[in-house]
Every structure is written in C-alpha cells, then in structure tokens.
Amino acid sequence: MLTLSRKAKEFLVLTAKLLIVGGAFYFIYSRISDDDSLDWSRITEAASREGSYLLISLILLLTFLNRFLEIVKWCNLVSWLQPLPLAKAAEQVLAAMTAAIFTPNGIGEYAAKALYYKKQQAGDIIFLNLVCNGIQLIIAVLAGIAGLIIFNVVYDVIAVGTLLLILGAIVAAGLLVFASRNIAIKGYSLQRLFAKVGEVPKAIHRKNVLLGFGRYLSIIHQHYFLFLLFGVDLPYPIMISAIAGIYFLGSSLPTFQLLDFAVRGSVAVYFFGILGVNEWIVVFAATLQWLLNIVLPVAIGSYFVVRFKASPKPSPKERE
C-alpha cells in the first residue's frame, strides 16, 4: 500500500490551506467588485448624519458581541469534555468559519472543529457543535414565527388560512420527528441523540440557551441599527418583527455562508418593500451585515487556517 512521505503530506496540507484561504478571498472580492448596485459613497453620506457615530459604535459593538458570544458558547460546551481557553476557542470558531464558507449551511464547520481534537473525540465535538448551532436555530425559528405573526397582523401579507396551514405544517413536522425518534439508521437515532443531550449537565445547557439568546438579540439589533443609520424611521416593534421574520425564512433555506447575504437580502427586499423602505437601503444593510459578520471573521480565521496543526495522534497507551 502506497504511503505519502512526511514532506508530501505537509505540502498537500499547505496546498489545501492556501486553496481554502485563497478561494475565500477570491469569492469575497468578486462579490463586492461585481455588484453595481452598491454605491459606497452612500456610506459616507450616512456617516455624516447627526447621531451616526453613536449608531456606528453600537453596530461595531454588536459585531464583536455576536462573535464573542459564539466563542464563549463553544468554551462552555467543550468544558463538558475538557477545559478550553478563550483564545483557543476563538481560534477554533474563526478557523471553522473560514473552512466552512464553501459548504451548504456551514456544514463544514463540524469537520473543521473536530480536526482540533483527538480522533476518538471527533464524535463528541460534532455532537457539541450540533447542540451549539441547534439552540441558535430553535431561537431563530420561535422568534421568527412570532415576528411573522406580528407583521402579518399589521400588514396582512399572508391570508389567515395560509398562515395557520404553515403553523400546522411546522407542528406536524415536529410531531413526526418525535414519533420517529426510535427509528435507527446505521445505529443512529434521534432517541440516542436526545439521550446524549441529557448527558450534558443542565448548567451547561442553561448557559448555552442564555448565550444563544444574547447572540440572537445582537444580530437582530445590529440589523435594526443599520437601518437607523440609513435614515429608516419606523416603529421598533414592526422593524424587529420584520427582521426576525427575515432571519427565520433565511435560515430555513439551504445556502452557503458566502451567499448568505443574497438569500436574506432578497427576503428583506420583499418585507421592507411592504414598509416602503428603499431597495438600495435594504441591499446595503444586508451587505454590510455580511461584511461584518462573515467577511471580517473569515479574514481573521484565514490566519488560523494557515497556521493550523492537526491534533497529534494518540499514543499506544491512549488507544488502549
């Protein structure tokens, strides 16, 4: 059986790293340079308005808070297995974002984080990442449904019968998942997953939920303050309900992190078009959020991808 030399392996790993980083920056550049609808001079105009510096400060603070809370979440969950320093958690989260940028719904993040740990820990790391992302999705779904209902009560976008049908379908899907919990596929079942979730201490789950709510509020209000920066003056409940609905619908569609702005942006154009908001403002807000929450972390994560070293192989004693 052919085996690669150490130098050959190092060369292949370096090539993979450079492809990930180079590809990420190429697609980011092409996205920004090819969009003729983005007139960046409008940012200067928005920044010159009265009170804009306070809004910009809040937007930047929420940008940091969004990613910081995600890092703290990861620290909290991994503490079930072993202590994880905040700096190391930041490296894992940001590098995983960069590695997952080309994969649907960021699924590559699961494998990327597992690479930082020993092979026998991979299953637990993938499980913890599922718990980390799962609570975020549940919060987005519940808040999004509430937002859609509030928005619909005011603007009557969806017929009541259609709305009830959607809610019924969601409840039916939940019941179907629960009813099929004992069905095993290659030894894996939802019942086994639920049992695994129950093994994690409740204190860790509580902290995970609180941090998840913090992240969600950060990202929702960042979007809200971006609209304020561009002069959109609408009632707070209507704005928040529309943004929550946009995030719910955007999260429900399969997409790539690289194209996340396009999916949410197109949904946002529809919702805020009903509110009479200029399309260019909606597109700008979605693009700026994408730059702050995806491009900036990916740029930092690229450094960690390049310097990444896989977890050492277990010794013969550890294998026993």
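Read-outs throughout are calculated quantities, based only on the coordinates presented, and are distinct from any laboratory measurement. Everything quoted here is computed from the prediction, not taken from an experiment. Here the Cβ is made from the backbone with ideal geometry for all residues, glycine too, and neighbour counts use every protein chain on show.
One table, with the values for the structure above:
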{"item": "Contour excess over end-to-end distance, with Cα ends at LEU296 and TRP280 and 0.36 nm allotted per residue", "result": "3.5 nm"}
{"item": "Separation in nanometres of the label points that stand 7 Å from Cα toward Cβ, at LEU176 and VAL197", "result": "1.9"}
